[in-house]
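Engineer: I have a structure here, written as structure tokens, and I will follow up with some questions on it.
The values are calculated or read from the model by the stated rules, or taken from the named source; none is laboratory data. Everything numeric in this text was worked out from a predicted model, so none of it was measured. Because the Cβ atoms are built from the backbone with ideal geometry, glycine has one as well, and the counts that use them run over all protein chains shown. Please note that ligands, DNA and RNA were not included when accessible areas were found on the heavy atoms of the full protein model with its side chains. Shrake-Rupley method; radii C 1.70, N 1.55, O 1.52, S 1.80 Å.
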Amino acid sequence: MTFKFDAPEVAGVSARVMTPAATNVRAHAYLRVLNRLAERYTLADVTDHSPFAPYLTFDPSRGDMGLILEDERRLPVASMWVSFITAKGFIADSVPEMVLSVEPNWRGKGIGGWLIKQAVNYGRTHGWQGISVSVESESPARRLYARNEFVTQSDEGVMLRTLSPLITAVAVYCGSVMGERPEFAEAAAELGEELARRNITMVYGGASVGLMGEAASACLAAGGEVIGVMPRGLADLELVHPHLSRLELTDDILARKTRMEELADAFVALPGGMGTLEEVSEVLVRQQLGPYTGPVALYNVEDYWTPFLTALRAMEEEGFIWERYLDAIVVADSLDGLFDGFNRWANPGLKWRKGGLRNH
């Protein structure tokens, strides 16, 4: 498994990615977790008793991740792993459980918070709904988790941090014409400006005309980065925006949609026609079937998307769409509501995978 993580913030400490072979590291670390309050268990208890067995397993192919910190002599300083297991901290199949252990003489240096940050960053970019942890109600470690936004879920000591995705680029779907209301163009320009203000890259179809051009021009004028993605056959017809940060040309419409989805962490649909409807429908389907995608928002300017939402609810009532996928759509009539929705968003989980914070 390879992934990016920050450099450790403590001098003399280095980090390496945990592997399945590090069973001994996990066993000693989990023993320290069990004995946080009293010396009740031995290493044999951890390795030989089935209640603890899930915590020693580690399988990157199912999504597990972990880090091991060592000092300059390669001696363990701390370890953390997050795994998709059914154990004491189980909440849902889509919410992995964390184990975190810091050697006593290294505590109080911010190592625990740093490790949690790495897990959160990883989870936000891999579609986790949250991270759970099992920690005794009287344990001082609860303060560390509480400072890092974990919330108590049960009397048994289970805590949960829900995760919203890390958004650095937003795909904007909208019309290549202006539409009949001036509010549409105003909203497009305001969205472009807001993306620039938040230092979020705008990904869109690359045109200089219509609402597409309004949003891109406003983002660029505000100092933002704009990536245009356009089929070669439409480059002349749709009039490529002349000031893009980057233009990518694709072979066809299908490749354009796929590339925009690859570049974006989240998706916003402004008013538009059949092309916009197709694009937003495709990412909504991807949210159900995979691969993982971030939040999908309908910017409901002048109630433009209300008829579409009514149709989706009718499909849900007839049993063709599961309610949790409609609940996951961010519907907003203001920019504050739009980005608040992104910040609160939780992945609804894939359609054909068990688990999820909510069931059908």
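Engineer: Would a scan of the range 236-250 turn up a residue that is touching a Gly at 6+ places or on another chain (Cβ under 6 Å), touching a residue at least 40 places away in the same chain (Cβ under 8 Å) and not in a loop (DSSP other than H, G, I, E, B)?
Structural biologist: The answer is yes, given that some residue of the range 236-250 is touching a Gly at 6+ places or on another chain (Cβ under 6 Å), touching a residue at least 40 places away in the same chain (Cβ under 8 Å) and not in a loop (DSSP other than H, G, I, E, B).
Residue by residue, here is whether (1) crowded, with 17+ Cβ neighbours inside 10 Å; (2) hydroxyl-bearing (Ser, Thr, Tyr) holds:
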{"residue": "112", "(1), (2)": "yes, no"}
{"residue": "116", "(1), (2)": "yes, no"}
{"residue": "119", "(1), (2)": "yes, no"}
{"residue": "123", "(1), (2)": "yes, no"}
{"residue": "132", "(1), (2)": "yes, yes"}
{"residue": "140", "(1), (2)": "no, no"}
{"residue": "144", "(1), (2)": "yes, no"}
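Engineer: With (1) in contact with an Asp or Glu (Cβ under 7 Å, 6 or more places away or on another chain); (2) not in a helix (DSSP H, G or I) as the list, and residue 259 as the residue in question, which single condition is left unmet?
Structural biologist: (2)
Engineer: Here's another thing I want to ask about it. Given (1) closer than 22 Å to residue 302 by Cβ; (2) buried (at least 18 other Cβ atoms within 10 Å of the Cβ); (3) not basic (Lys, Arg), where does residue 209 come up short, assuming only one miss?
Structural biologist: (2)
Engineer: Given the criteria part of a helix (DSSP H, G or I) and either in contact (Cβ under 8 Å) with a residue 60 or more places away in the chain or open to solvent by less than 40 Å² (accessible area, probe 1.4 Å) (or both), does residue 267 qualify?
Structural biologist: Considered against the rule, which asks whether it is part of a helix (DSSP H, G or I) and either in contact (Cβ under 8 Å) with a residue 60 or more places away in the chain or open to solvent by less than 40 Å² (accessible area, probe 1.4 Å) (or both), residue 267 comes out as no.
Engineer: Related question: Those residues that are closer than 16 Å to residue 281 by Cα, open to solvent by less than 50 Å² (accessible area, probe 1.4 Å) and either in a helix (DSSP H, G or I) or free of Cβ contacts under 8 Å to residues at least 24 places away in the same chain (or both), I need them from the range 327-352; list them, please.
Structural biologist: Of everything in the range 327-352, nothing turns out to be closer than 16 Å to residue 281 by Cα, open to solvent by less than 50 Å² (accessible area, probe 1.4 Å) and either in a helix (DSSP H, G or I) or free of Cβ contacts under 8 Å to residues at least 24 places away in the same chain (or both).
Engineer: Here are 102, 77, 82: which of them is within 21 Å of the chain's Cα centre (by Cα) and in contact (Cβ under 8 Å) with a residue 12 or more places away in the chain?
Structural biologist: 82
Engineer: For residues that are aromatic (Phe, Trp, Tyr) and more than 21 Å from the chain's Cα centre (by Cα), tally how many sit in the range 159-196.
Structural biologist: Matching residues across the range 159-196 total 1.
Engineer: Go over the candidates 108, 63, 89 one by one and state the one that is out of contact with any helix residue (DSSP H, G or I) (no Cβ under 7 Å at 6 or more places or on another chain) and surrounded by 18 or more Cβ atoms within 10 Å (Cβ to Cβ).
Structural biologist: Result of the check over 108, 63, 89: 89.
Engineer: Looking at 21, 27, can you tell me which residue is open to solvent by 70 Å² or more (accessible area, probe 1.4 Å), assigned by the TED database to the domain that holds residue 144 and aliphatic (A, V, I, L, M)?
Structural biologist: 21
Engineer: Considering only the range 95-153, state which residues are among the aromatic types (Phe, Trp, Tyr), over 27 Å from residue 290 (Cβ atoms) and not in a loop (DSSP other than H, G, I, E, B).
Structural biologist: 106, 114, 145 - these are the residues of the range 95-153 that are among the aromatic types (Phe, Trp, Tyr), over 27 Å from residue 290 (Cβ atoms) and not in a loop (DSSP other than H, G, I, E, B).
Engineer: Could you grab the pairs with beta carbons closer than 7 Å, sequence gap of 6+ or different chains, first residue in the range 276-291 and farther than 16 Å from residue 346 by Cα, second one surrounded by 17 or more Cβ atoms within 10 Å (Cβ to Cβ) and of a type in the set (Ser, Thr, Tyr)?
Structural biologist: That search, which allows pairs on different chains as well, returns 276/173; 279/173; 280/173.
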